[in-house]
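Since the structure comes first, as structure tokens, the remarks are kept for the end.
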Amino acid sequence: MSDDLEIRSGGVIAVDTADLRHAAGRLTSLASAGDRVHAALVGVAHHLAMHGVFASVPCALADEAAGRAAALAADLRTLSLVYELVELEAQRAAAEAGGDPARAARLGRAYAARQAEAGDAGAEAMRLLDGWRGEAHAELERQIAQALQPLGPQGWGAAFALPLLLARVRTLGRGFVPRDARLRGEPQPVTVPVLRRGAATAPHALADIAARMPGHGDGRIRVERYVMPDGSRQFAAYLAGTQSAMSVSEPFDMASNLDLYDGARAASYDAVVAALHAAGARDGDTVHLAGHSQGGMIAERLALDGQFRVATVVTFGSPVQADVRGDTLQVALRHTDDPVAALAAGGAPYPTGAPGSFVAERVADPGGSVTDLAFGAHQLDAYAETARLVDASDDPRVDAVRERLAELGTATSVTATLYGAERGWVRAPGRADPNPVSASSSAAGGG
């Protein structure tokens, strides 16, 4: 298991460009101060020499320090410009893929204007984008090739097919969901039976969020209802991943997976909406979402659709990343050797979401063996370990998550409800159903 963790603001961008410009400004001030110190020291040396004292005065050292600060400030400004160009080009490509030629044209003009100012920075920006696209799946491809090598020519063929598949995903523009994208299709009939309800507490860290993920047994959606000190309400929903290949009654199946990835409305999505309404959430209420795999894809889509005010999205191994609004804190945990997370095609190359949003990546299992074909890097326990590593990080972006959870911790009461999920009116034999709720009957919200 690898503990090498990388936290970035986007697929290519590791830091906020505003931070770079701020640091450049401070270094420029330091360089100016260094110049003043150097001038003062030269004056001191000259004064001493006039009185016959030839002491060692560090004039050259002060001059060197000022020069280095000025040079570093210039480098930071150039790097900021490079990242801004990366962001503009990535947004232009996303707008083009999302069918918004007017926005793509505006961004293209903004890119051209900045590139004229940038000089060599423009070429560096394109190099970074090309490198990010080409290297996004390098670790997964290496491990799959290593795992399949003992199988001979058939294994080699399968290993060669993987890069072609992932390249096709990038070509089709899948994995990164533009901000204006909406799911196609009509709501599907679902039932969300209540399995358990009781008092709870707010999570304190990402590891707590991972520990609350449903999916074991019949639970599919856990909804926590928070009553805040001012009497307002907030909700947190934890969404399971895929539970079966194909099923007549199970909404969280591969059919829903494929529909959502293709941009179509799925029964699992409607089950989450029904569960939130059943727990008392009304349209426009503040909601925090966390999901594993397919659950992460649902969370990203809900953040775009605008039915609820989605304040937080935390995903574990989601096959997509959305360009969420600037008031949504977005945290994406991905493993570079997870085939499902690879379907995100690197996610967003530029920062998305509220300040403090980030992507945390690591290699879950550095070795390449046949056991990797069991998707061990995609399992929730592997992501729970990644969550613990992020919690222990001193990266300042993690503070935004801590602050968001601390706010929930001020709630005067918390009620947690675990829901099952079924397609239509089908009821699985022997399933407890003390309080069934259907999508249609819960659409108006509850108390």
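Condition test on D100, is it acidic (D, E) and either assigned by TED's automatic domain parsing to the domain that holds A382 or at pLDDT 75 or above (or both)? Taking the combined requirement at face value, the residue satisfies it.
Scanning the stretch 325-349 for residues that are modelled with pLDDT under 95 and among the aliphatic types (A, V, I, L, M) yields V340, A341, A342, L343, A344, A345, A348. Looking across the stretch 205-224 at every residue that is surrounded by fewer than 22 Cβ atoms within 10 Å (Cβ to Cβ) and of a type in the set (D, E, K, R), the one that is farthest from T315 (Cα to Cα) is identified as D218. Once the stretch 385-402 is narrowed to residues that are out of contact with any Asp or Glu (no Cβ under 9 Å at 6 or more places or on another chain) and hydrophobic (A, V, I, L, M, F, W, C), the residue that is surrounded by the fewest Cβ atoms within 10 Å (Cβ to Cβ) is A392. For residues that are under 18 Å from Q243 (Cβ atoms) and touching a Leu at 6+ places or on another chain (Cβ under 9 Å), tally how many sit in the stretch 256-270. The number of residues fulfilling the criteria is 6.
For the stretch 187-215, the set of residues classified as closer than 15 Å to P251 by Cα and either touching a Gly at 6+ places or on another chain (Cβ under 8 Å) or at pLDDT below 95 (or both) consists of P187, Q188, P189, V190, T191, V192, P193, G215, listed by residue number.
Counting just the residues of the stretch 355-368 that are at pLDDT 85 or above, over 15 Å from G296 (Cβ atoms) and in a loop (DSSP other than H, G, I, E, B), which one comes out nearest to the chain's Cα centre (by Cα)? Restricting to residues being at pLDDT 85 or above, over 15 Å from G296 (Cβ atoms) and in a loop (DSSP other than H, G, I, E, B), the top hit is G356.
Exactly one residue among T352, T371, T410 is at negative phi and at pLDDT 95 or above, and that residue is T410.
Rundown of residues vs (1) under 12 Å from the mean Cα position of the chain (by Cα); (2) at pLDDT below 95; (3) at negative phi, yes/no style:
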residue	(1), (2), (3)
V287	no, no, yes
Q294	no, no, yes
Q307	no, yes, yes
V313	yes, no, yes
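Cβ separations smaller than 7 Å between residues 6+ apart or across chains give the following pairs from the stretch 385-401 residues that are in the same structural domain as L206 (by TED's automatic domain parsing) to residues that are acidic (D, E): L389/D3.
Considering G241, G175, which residue is surrounded by 16 or more Cβ atoms within 10 Å (Cβ to Cβ), at negative phi and not hydrophobic (A, V, I, L, M, F, W, C)?
Working: G175 fails: at negative phi.
The conditions single out G241.
For the condition of a type in the set (D, E, K, R), within 17 Å of P187 (Cβ to Cβ), surrounded by fewer than 24 Cβ atoms within 10 Å (Cβ to Cβ) and in contact (Cβ under 8 Å) with a residue 40 or more places away in the chain, R265 qualifies.
Considering each of R182, R225, R212 in turn, give the residue that is of a type in the set (D, E, K, R), touching a residue at least 40 places away in the same chain (Cβ under 8 Å) and within 15 Å of L276 (Cα to Cα).
Values: R182 fails: within 15 Å of L276 (Cα to Cα); R212 fails: within 15 Å of L276 (Cα to Cα).
Only one candidate qualifies: R225.
Each residue in the stretch 256-285 was checked for being at pLDDT 95 or above and either hydrophobic (A, V, I, L, M, F, W, C) or outside the structural domain of T312 (by TED's automatic domain parsing) (or both), and 13 of them qualify. On the stretch given as the stretch 286-307, residues that are more than 14 Å from I209 (Cβ to Cβ) and touching a residue at least 60 places away in the same chain (Cβ under 8 Å) total 5.
Screening the stretch 316-349 for residues that are touching a helix residue (DSSP H, G or I) at 6+ places or on another chain (Cβ under 6 Å) and assigned to a helix (DSSP H, G or I) and picking the one that is surrounded by the most Cβ atoms within 10 Å (Cβ to Cβ) gives A342.
Residue count for the stretch 228-276 satisfying the condition of being in a loop (DSSP other than H, G, I, E, B) and not small (G, A, S): 12.
The values are calculated or read from the model by the stated rules, or taken from the named source; none is laboratory data. Note that the coordinates shown come from a computational prediction; the quantities given were computed from them, not determined experimentally. Positions of Cβ are generated from backbone atoms using ideal geometry, with glycine treated the same way; all protein chains shown enter the neighbour counts.
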